[in-house]
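For reference, the structure is listed below as structure tokens.
The values are calculated or read from the model by the stated rules, or taken from the named source; none is laboratory data. Just so it is clear, the model here is predicted, and its values are computed rather than measured. Note: ideal-geometry Cβ built from the backbone for every residue, glycine included; neighbour counts use all protein chains shown. To get the accessible areas, we keep the full protein, side chains included, count just its heavy atoms, and leave off ligands, DNA and RNA. Shrake-Rupley method; radii C 1.70, N 1.55, O 1.52, S 1.80 Å.
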Amino acid sequence: MQRVSLFGYGGTTKAIAKHIPHAIFYDDKCVKPFKDKDGFSVKPSSEFNPKYSDLEIPSPGIPPSNPLIKKAKNIISEYDYFSDSMPLSIWISGTNGKTTTTQMMQHLLKERGSLEGGNIGTALGELNPHANIWILETSSFTMHYTNVASPNIYVLLPIKPDHLSWHGDMDEYISAKLKPLKSMKEGEIAIIPEAYKDFKTDAHLITYKDEDDLAKHFGIDTDKVKFKGAFLADALLAMACEKILFDIIDYDKINSFELDPHRQEELKDSKGRLWVNDTKATNIDATIAALNRYKDSFVHLILGGDDKGVELDELFEYLKDTKVKIYNIGSNKEKLSQLASQYKVEFELCENLADSIKKIDKNLGINEIALLSPAASSLDEFSSYAQRGDEFKQAVSNIS
């Protein structure tokens with residue numbers, strides 16, 4: 001019997017355990033060994049011994065620097081574990097927009113028997129292997145540990161600095177994002193930014209510079225697509241895959257898709273002023289995209305959180321030429337304030353999110369914009385970006 005160790009006691013590994021009755025969990029948060037309600041052993045990470053393990057499958061978020069990873073001798077990803085049973089699969093990655101692209105693609109293809117999962121919602125261990133198509137939002141963390149599985153279609157959105165503290169540097173982050181191309185086969189298709197057109201792969205490469213490039217290649221009339229700005233590329237990539245698989249372009253269906261909350265979600269306060277919840281903007285590129293949307297207005301911008309080790313000068317190079325005042329929150333607020341001083345960007349140092357909203361309430365003009373677009377993760381002070389966005393919306397609704 002193969003001895004399987006699961007690193008991390010979370011949704012991904014719990015789903016895998018349903019396929020491996022005698023697996024053992026090792027978790028950094030476990031202090032004392034116990035049996036869970038399904039009879040699985042859960043042990044402290046310190047008890048892992050590679051001599052007694054034939055296979056190790058980590059939760060994707062566990063970084064290479066973790067002692068469990070360093071001790072392991074037989075690591076594979078969840079994607080590798082299910083590679084033999086995986087149906088036709090479309091993997092979607094990139095820095096921004098992969099969740100929306102995945103959701104849009106599922107919206108277009110669900111009548112064809114597709115299921116969505118991966119980094120979004122459903123772990124692979126919970127997906128039906130008899131589905132016609134798996135549409136998988138795929139993180140750089142997962143691809144770092146994946147060496148066997150590969151997609152039939154790979155969709156890559158632009159790559160911008162993110163998760164650098166996890167990967168070590170930008171080169172490693174890019175390498176993880178491009179890794180699936182190495183194992184793709186002739187006849188499979190990859191849609192990737194033009195910057196990586198020379199990457200060696202057996203897949204058929206379709207490269208793009210921008211939305212116009214995508215639209216032209218796939219014969220899509222962007223005037224008939226309701227999505228604009230950052231969401232247009234997401235829609236075009238979803239439509240491109242339907243075109244590849246079924247030679248169909250369905251404008252009515254893509255236009256019937258409704259965006260999730262927390263992405264440039266607009267709301268008015270009791271005084272008729274516009275506040276925008278863009279809490280899902282957890283990196284520089286996403287925040288710049290939001291600012292571009294409101295570039296004709298003066299913006300009161302809430303920034304800050306866990307920036308994951310990313311250098312923020314690129315953001316401030318952009319901010320110094322915009323009509324903006326920033327309100328700094330989170331674990332990197334001192335760093336943000338120093339950069340604001342350096343680049344001569346008007347700012348206020350705030351105690352927390354609630355304090356920033358109070359300060360903006362005093363300053364916000366009727367034709368100005370209040371924007372929560374933090375360019376940082378929420379996990380320093382919140383349980384998720386959604387909680388951060390919900391608290392923002394609640395505070396705005398309480399303004400009198």
For LYS335, counting only lysines whose alpha-carbon sits under 17 Å away and dropping same-chain residues fewer than eight positions off, the answer is LYS308, LYS320, LYS325, LYS344
Candidate cut points under trypsin sites (Lys or Arg not before Pro) in region 208-302, DSSP loop plus at most 15 other Cβ atoms within 10 Å of their own Cβ, are LYS209, LYS226, LYS228, LYS271, LYS295
Note: probe point = Cα of ASP210 + 7 Å toward Cβ; backbone nitrogen < 16 Å; residues of region 138-181 passing the test are 158
Mean separation of Cα contacts under 8 Å (at least 6 apart) over the residue count of region 151-190, i.e. the relative contact order in percent, is 61
Once both label points are put 7 Å beyond Cα along the C-beta direction, the GLU172-ASN132 separation in nm becomes 4.1
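Could you tell me what percent of the accessible area of region 116-215 is made up of carbon and sulfur, with a 1.4 Å probe and every protein chain present? Mind dumping the intermediate values first?
On the way: 1910 of 4370 Å².
Roughly 44 percent, rounded to a whole number.
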Residues of region 332-372 with backbone N under 13 Å of the label point set 7 Å from the Cα of ASN398 along Cα→Cβ are 353-359
Restricting to Cα pairs under 8 Å and 6 or more apart, the percent relative contact order of the chain works out to 12
Between ALA195 and ASP321, the FRET efficiency computed from the C-beta separation at R0 = 30 Å comes out, to the nearest 0.05, as 0.80
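For TYR52 and ASP390 in one chain, what is 0.36 nm times their gap in residues minus the Cα-Cα distance, to one decimal in nm?
Fully extending the segment from TYR52 to ASP390 adds 117.2 nm.
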The simple spin-label model distance between ASP313 and SER383, using points 7 Å out along Cα→Cβ, in nm, is 4.0
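Counting only protein chains, not ligands or nucleic acids, how are LYS358, LYS110 ordered by accessible area (probe 1.4 Å), most first? Show your work: numbers first, answer last.
Working: LYS358 135, LYS110 110 Å².
In descending accessible area the options line up as LYS358, LYS110.
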For the chain, the per residue accessible area (1.4 Å probe, Å²) is 45
Between the Cα axis of helix 353-363 and the main Cα principal axis of the chain, the angle (0 to 90°, nearest 10) is 20
Taking R0 as 45 Å and r as the Cβ-Cβ distance between LYS344 and LYS182, the FRET efficiency 1/(1 + (r/R0)^6), rounded to the nearest 0.05, comes to 0.50
Sorting THR101, THR122, THR201 on solvent-accessible surface, 1.4 Å probe, most exposed first, gives THR122, THR201, THR101
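Out of the DSSP beta bridges found with both residues in the chain, what percent are antiparallel (nearest 5)?
On the way: 7 of 57 bridges.
Beta bridges within the chain, antiparallel portion: roughly 10 percent.
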Check: in region 49-198 the Lys pairs 8 or more apart or on separate chains whose Cα atoms fall under 15 Å apart number 9
Rounded to the nearest 10 degrees, the helix 98-109 long axis (Cα) sits at an angle to the longest Cα principal axis of the chain of 70
Percent of all Cα-Cα pairs per 5 Å bin for region 78-212, counting from 0 up to the last occupied bin, reads 2, 11, 21, 24, 22, 13, 5, 1, 0
Rounded to whole angstrom, the alpha-carbon centroid of region 87-151 lies from that of region 221-285 at a distance of 19
Taking only the alpha-carbon atoms of the chain, the convex hull volume per residue, in cubic angstrom, is 160
Taking Cα atoms only, helix 230-246 is inclined relative to the longest principal axis of the chain by an angle, in degrees rounded to 10, of 40
Extension length gain for LYS18 and ASP296 (0.36 nm per residue less Cα distance), in nm, is 94.8 nm
If the label point sits 7 Å along Cα→Cβ of ARG112, residues of region 230-246 with amide N under 16 Å come out as 235-246
Here the longest stretch of the chain that holds no GluC sites (Glu not before Pro) in a DSSP loop having at most 13 other beta carbon atoms within 10 Å is 1-185
Using alpha carbon centers only, region 369-400 is separated from region 2-35 by a whole-angstrom value of 33
Rounded to one decimal in nm, the spacing of the 7 Å Cα→Cβ label points at LEU259 and VAL148 is 4.0
